[in-house]
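Written out below as structure tokens is the structure these notes cover.
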Amino acid sequence: MFGDPKKKALEKFRKEIRTGVYAYLVLSFLKKEKTHGYALRKTLEEISNGEFVPSESTLYGILRTLEKYKLIRGEWMEVGGRTRKYYEITQTGKEVLKELREEIELMRELLENSF
């Protein structure tokens, strides 16, 4: 393995953690309202002050994965003269989100109380 091992390890684990959190946040946003990918990305940018924003390829990869597992449903719509794919959470997505919330709460408690 070439390069700085610390840097490589941080890149790998940050990517894994962020991908899971991005998926969780996408499901959470879609539970509130149907929206398109660009709006999801802008929302993440706004709430994190630009510090926790997936690349477009990462976000659309997550959306494709969530759609593949039937956690969200995408539909092409024309709004304001622009055609965009709008996503909404499915019932299965809501159930998975509920379980993920419980998992995240457990992780939060462990991180706050154990270390």
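Here, each number is a calculation from the coordinates, and none is a lab measurement. Values in this document were obtained by computation on a predicted structure and should not be read as measured data. Because the Cβ atoms are built from the backbone with ideal geometry, glycine has one as well, and the counts that use them run over all protein chains shown.
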Would you mind working out the magnitude of the charge dipole of the chain relative to its Cα centre, with +1 at each Lys and Arg C-beta and -1 at each Asp and Glu C-beta, to the nearest 20 Debye?
400 debye
Ignoring everything except DSSP H segments at least 4 long, calculate the 222 nm mean residue ellipticity for the chain; use -39,500 (n - 2.57) per segment, divide by total residues, nearest 500.
-22500 deg cm²/dmol
Taking every other residue with Cβ under 14 Å from the Cβ of THR90 and scoring Lys and Arg +1, Asp and Glu -1, one gets +3
Within segment 1-76, which chymotrypsin sites (Phe, Trp or Tyr not before Pro) sit in a loop by DSSP and count at most 15 neighbouring Cβ atoms inside 10 Å?
PHE2, PHE52, TYR69
Rank these for me by crowding, GLU78, GLU11, going from fewest to most other beta carbons within 10 Å.
GLU78, GLU11
Past 21 Å, Cα to Cα, is the threshold; run LYS32/LYS70; LYS6/LYS42; LYS31/LYS85; LYS7/LYS68; LYS70/LYS98 against it and keep the listed order.
LYS6/LYS42; LYS7/LYS68
What FRET efficiency do you get for ARG14 and ARG101 if R0 is 30 Å and r is their Cβ-Cβ distance, rounded to the nearest 0.05?
0.85
Find out how many positive minus negative residues lie around ILE72, taking Lys and Arg as positive, Asp and Glu as negative, among other residues whose Cβ is under 14 Å from that of ILE72.
+4
Amide H within-cut-off set for TYR86, under 5 Å, with H built and near neighbours excluded
GLU75, TRP76, MET77
Report, by chain and number, residues whose modeled amide H sits under 5 Å from the one on ILE72, excluding near sequence neighbours (fewer than 5 apart, same chain).
GLU67, THR90
Out of GLY50, GLY37, GLY61, a Gaussian network model of the chain with alpha-carbon springs under 10 Å gives the largest mean-square fluctuation to GLY50
To the nearest 10 degrees, the tilt of helix 91-114 (Cα long axis) against the first principal axis of the alpha carbons of the chain is 20 degrees
Segment 1-76 - convex hull of the alpha-carbon atoms, volume per residue in Å³:
108 Å³
